[in-house]
Every structure is written in C-alpha cells, then in structure tokens.
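As structure tokens, the structure follows; a few thoughts come after it.
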Amino acid sequence: MLPADPEATGQLQEWLASEEYNLNGMERDFRGADLSGGDFAGSWFTQAVLAGVRLAGASFYRADLQSADLTGADLTGADFVRANLDGAVLRSARLDGADMVKASLHGVDASGAGFKGTRIMGASLFDVDMREADLTDAVLFQNTFKVTVDDSTVVRGLTGTVFGPITVFSGASSRELAGVELESWISARGGQVRVIPPRRPPK
C-alpha cells in the first residue's frame with residue numbers, strides 16, 4: 001500500500017524503478033503506507049512523517065531517521081542496526097523483536113513504545129523518554145542508557161548490562177538511579193540487569 005501523499009508515492013515509485021540503492025525520503029509524508037519488509041538500508045528519512053506506517057520486518061541498516069515522526073508505527077522485527085534515530089519520535093510505536101544494535105537514540109520520545117524482546121545492544125541512548133514503555137524480555141548490552149522511566153515502565157524479563165544512570169519519575173517527583181540502586185529497582189520489577197561502573201579516565 002502506497003502513501004496517501006502523492007509526492008511521497010512518486011518518490012517511492014521512482015526509487016523502485018531505478019537502480020539507486022538508497023531512498024531519499026527526507027521530509028516526505030508516508031502516512032497511510034504499508035512498507036513492511038522493505039529494504040531501506042542506508043536510506044534517508046530525516047524529518048519524514050512515518051506516523052502509523054506499517055514497517056514490520058523492514059531494514060533500516062545504517063539509515064538516517066533523524067527527527068523522523070514514527071508515532072504509532074508498526075516496527076515489529078525491524079532492523080535498526082547502526083541507524084541514526086536522534087531526535088526521532090517513537091511515541092506508542094511497536095518495536096517488539098526489533099534489532100537496535102549500535103543504534104543512536106539521542107533526545108528521543110519513546111514514551112508508551114513497545115520494546116518486547118528488542119535487542120538494544122551497544123546502542124547509545126541519551127535523553128530518551130521511556131515512560132510507560134514496555135521493555136519486557138528486551139536484551140541490553142553495554143549501552144549508554146540515560147533514559148527516563150516511570151512506575152508504568154515495564155522491565156519484566158529485561159536482561160543485560162548498561163551504563164546508567166536513569167531518571168525515575170513517580171508522580172510529580174523524580175530521582176536518579178545508578179549502580180546497585182538501579183540494579184535493585186529493575187530487579188524488584190522482574191528484570192536482571194548489571195550496571196557497569198563508569199569508566200575512569202586514564203591518569
């Protein structure tokens with residue numbers, strides 16, 4: 001299914017008919033499309049509107065999705081290995097089973113998003129809002145994990161290793177957790193994560 005926007009449809013059709021490998025979808029509106037299984041490796045979706053778009057199983061390997069709007073998008077099983085998602089909006093998006101190895105997420109709104117079984121490994125997460133997100137059975141590995149969570153964030157079955165700290169909101173108040181405190185907070189909610197001590201600069 002193609003996007004409702006004729007310019008985005010034209011861009012897609014032109015790309016499909018050409019020998020060009022990378023789609024230039026910058027600032028295009030792809031709403032209404034079903035692009036599941038698409039190979040968008042190395043493509044540009046900077047500031048694109050992909051809200052509600054079906055992208056299950058799509059590949060965004062090394063793609064640029066900086067400041068893209070992916071609100072409510074179906075990204076189940078998608079490949080975001082080494083993708084740039086800085087400034088993107090992932091609010092209420094479904095990323096269950098997605099592969100986010102070495103992805104970059106700086107200043108991202110992922111509130112209410114689903115990350116069930118997602119592989120978030122070697123990724124860089126700075127200032128990521130994960131309030132009300134579901135991280136059930138997600139796997140972490142040596143991630144910079146400076147995220148914001150709340151009492152509604154699900155971490156049951158969450159495993160792996162991270163660099164903290166995280167900010168936990170409870171009502172109107174918030175606190176920063178790192179080290180053993182962070183491990184205990186996750187453990188009390190059914191997860192098992194080891195927090196890696198911050199690297200000390202060489203003398």
Single condition Glu19 does not satisfy, out of (1) open to solvent by 40 Å² or more (accessible area, probe 1.4 Å); (2) within 18 Å of Ala88 (Cβ to Cβ): (2)
Qualifying positions in the stretch 47-70 - of a type outside the set (Gly, Ala, Ser), open to solvent by 40 Å² or more (accessible area, probe 1.4 Å) and part of a loop (DSSP other than H, G, I, E, B): Gln47, Tyr61, Arg62, Gln66
Filtered residue count, the stretch 72-83, keeping only those that are open to solvent by 40 Å² or more (accessible area, probe 1.4 Å) and either closer than 15 Å to Gln47 by Cα or outside any loop (DSSP other than H, G, I, E, B) (or both): 1
Of all residues making up the stretch 97-113, the number that are closer than 24 Å to Phe169 by Cα and touching a strand residue (DSSP E or B) at 6+ places or on another chain (Cβ under 8 Å): 9
Among (1) part of a helix (DSSP H, G or I); (2) open to solvent by less than 10 Å² (accessible area, probe 1.4 Å) - the single one Gln11 does not satisfy: (2)
Condition check for Leu2: surrounded by fewer than 18 Cβ atoms within 10 Å (Cβ to Cβ), assigned to a helix (DSSP H, G or I) and either modelled with pLDDT of 95 or more or aliphatic (A, V, I, L, M) (or both): no
Identity of the residue in the stretch 111-129, under 20 Å from Thr161 (Cβ atoms) and assigned to a loop (DSSP other than H, G, I, E, B), that ends up most open to solvent (accessible area, probe 1.4 Å): Lys116
Among residues of the stretch 132-142, those that are in contact with a strand residue (DSSP E or B) (Cβ under 7 Å, 6 or more places away or on another chain) and open to solvent by 10 Å² or more (accessible area, probe 1.4 Å), counted: 6
The stretch 13-47, residues that are within 23 Å of Arg82 (Cα to Cα) and either of a type in the set (A, V, I, L, M) or in contact with a Pro (Cβ under 6 Å, 6 or more places away or on another chain) (or both): Leu23, Met26, Phe30, Leu35, Ala41
Lone qualifier among Ser67, Ser104 - being in contact (Cβ under 8 Å) with a residue 12 or more places away in the chain, farther than 18 Å from Ala138 by Cβ and hydroxyl-bearing (Ser, Thr, Tyr): Ser67
Residue that is within 14 Å of the chain's Cα centre (by Cα) and within 17 Å of Leu2 (Cα to Cα), where the choices are Leu55, Leu90: Leu55
Number of the condition not met by Ser36 [criteria: (1) touching a Leu at 6+ places or on another chain (Cβ under 9 Å); (2) buried (at least 19 other Cβ atoms within 10 Å of the Cβ); (3) within 20 Å of Thr118 (Cβ to Cβ); (4) not β-branched (Val, Ile, Thr)]: (2)
Lone qualifier among Asp137, Asp129, Asp74 - being in contact (Cβ under 8 Å) with a residue 24 or more places away in the chain and touching a Ser or Thr at 6+ places or on another chain (Cβ under 9 Å): Asp74
Residue ID - farthest from Ala113 (Cα to Cα), chosen from residues in the stretch 143-178 that are open to solvent by 20 Å² or more (accessible area, probe 1.4 Å) and under 16 Å from the mean Cα position of the chain (by Cα): Thr144
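The values are calculated or read from the model by the stated rules, or taken from the named source; none is laboratory data. Source: prediction; values computed, not measured. Cβ sites come from the backbone with ideal geometry, for glycine too, and all protein chains shown count toward neighbours. The protein model used for the area step is the full one, side chains on, heavy atoms only, and it has no ligands, DNA or RNA in it. Shrake-Rupley method; radii C 1.70, N 1.55, O 1.52, S 1.80 Å.
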